[in-house]
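Beneath this line is the structure, given in structure tokens, with notes to follow.
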Amino acid sequence: MNNDIVLQMLHISKTFPGVVALDNVDFQLRKGEVHILLGENGAGKSTLVKILSGAYQKTSGEIYFNKINTEIKDPKHAQHLGVGIIYQELNLVSHLSAGENIFLGREPGNKLGIIDYKKLFGESQKLIDDLKVDIDTCRLVKDLGVAQQQMVEVAKALSLNAQILIMDEPTSALTDQEIKELFATIRCLKSKGVSIIYISHRLEELFEIGDRVTVLRDGKYVGTHNIQDVTKSELINMMVNRELKEQFPKQTVKIDDEILRLEEVTNQHLHKINLSLHRGEIL
Ligand SMILES: Nc1ncnc2c1ncn2[C@@H]1O[C@H](COP(=O)(O)OP(=O)(O)OP(=O)(O)O)[C@@H](O)[C@H]1O
Ligand SMILES: [Mg+2]
């Protein structure tokens, strides 16, 4: 891995009505590295990558691609800049084949607009084979597993010349075997010089696949480290900044007025159910 910086995000802030999702966050990405973005729920990880993928506009801050200050206008522009994103919710058309999905909207064809399927399947198969995964691109997406669908998304991003690939919690729906395969693909992408932003809150994973890690907490930048320079407990401290034993500190709150009450509710499934819910209460 070299130290070429392909992306620099500086002083990024993002405000939604009533919420500061990001507050002065810095992030830097090198060529061919797997950079983990770590943080608790709501820390701002997805918001940061959505700014990069053009889905959201930053409120303030600067973004540099290969040292050039760039305003990312929209998702198409981000794609053009070489940013690919694999969302947790996959975005494929299930009744089309893997190959058609890879080239959706830019199918190879002749002047009359007739699609050249031989070329479409040939080129999409080459992209898939280059990733060293075993998927027949003639198969319909709905007949593929989640992990295979993810690979189709990766192939699609690569066909668009993605130099930066974002994976937002890619392993949440995968089996252990599929995770191994995904990691093999990620190593393969690295060797091609693709930089990867990898979001996860599974600490075990990042020690296996990550080169560096940046931690966010409550929308703020906490720090960046080489993976080999940090321990799991240091990372947990950076993420939560409180003793682990009180990860969910119990708060005593005053029980307010009753806002809902069921009395003897009965139907074919329920028999005389009673409950009472008060304002501010978790029942
Ligand atoms: N479209 C939106 N409108 C309003 N608030 C939003 C929006 N998107 C995110 N937020 C808020 O911004 C904050 C950061 O959210 P974000 O989704 O970036 O967190 P995250 O780190 O990805 O969390 P998770 O691990 O749960 O995916 C949260 O408080 C969230 O409620
Ligand atoms: Mg998220």
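The values are calculated or read from the model by the stated rules, or taken from the named source; none is laboratory data. Worth saying up front: this structure is predicted, and the values here are computed from it rather than measured. Because the Cβ atoms are built from the backbone with ideal geometry, glycine has one as well, and the counts that use them run over all protein chains shown. Just the protein is used for accessible areas: all its heavy atoms, side chains included, with ligands, DNA and RNA removed. Shrake-Rupley method; radii C 1.70, N 1.55, O 1.52, S 1.80 Å.
Numbers for the structure displayed
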item: Members of the stretch 29-55 found to be of a type in the set (D, E) and either modelled with pLDDT of 95 or more or more than 9 Å from ligand 1 (Cβ to nearest atom) (or both), listed by number; result: E33
item: Which listed residue is open to solvent by 80 Å² or more (accessible area, probe 1.4 Å) and assigned by TED's automatic domain parsing to the domain that holds C188, from I72, I85, I68; result: I68
item: Wholly enclosed helices (runs of 4 or more DSSP H) of the stretch 94-167 bearing at least 2 residues under 21 Å from the mean Cα position of the chain (by Cα) and at negative phi; result: 98-102, 146-159
item: Residue in the stretch 171-178 that is crowded, with 17+ Cβ neighbours inside 10 Å, under 18 Å from the mean Cα position of the chain (by Cα) and at pLDDT 95 or above present; result: no
item: Sole residue being under 15 Å from E40 (Cα atoms), buried (at least 17 other Cβ atoms within 10 Å of the Cβ) and either away from ligand 2 (no atom under 16 Å from the Cβ) or at pLDDT 90 or above (or both), chosen from V194, V213, V240; result: V213
item: Any hit, the stretch 89-100, residues being polar (S, T, N, Q), modelled with pLDDT under 95, surrounded by fewer than 13 Cβ atoms within 10 Å (Cβ to Cβ) and under 15 Å from I199 (Cα atoms); result: no
item: Number of the exception - R139 against (1) within 24 Å of K76 (Cα to Cα); (2) among the charged types (D, E, K, R); (3) modelled with pLDDT of 95 or more; result: (1)
item: Any hit, the stretch 169-187, residues being within 21 Å of V83 (Cα to Cα), within 16 Å of ligand 1 (Cβ to nearest atom) and among the polar types (S, T, N, Q); result: yes
item: 3 or more residues under 18 Å from the mean Cα position of the chain (by Cα), buried (at least 21 other Cβ atoms within 10 Å of the Cβ) and within 16 Å of ligand 2 (Cβ to nearest atom): qualifying strands (runs of 3 or more DSSP E) within the stretch 3-53; result: 19-30, 34-38
item: Verdict on A78 being away from ligand 1 (no atom under 15 Å from the Cβ), hydrophobic (A, V, I, L, M, F, W, C), over 13 Å from the mean Cα position of the chain (by Cα) and at pLDDT 95 or above; result: yes
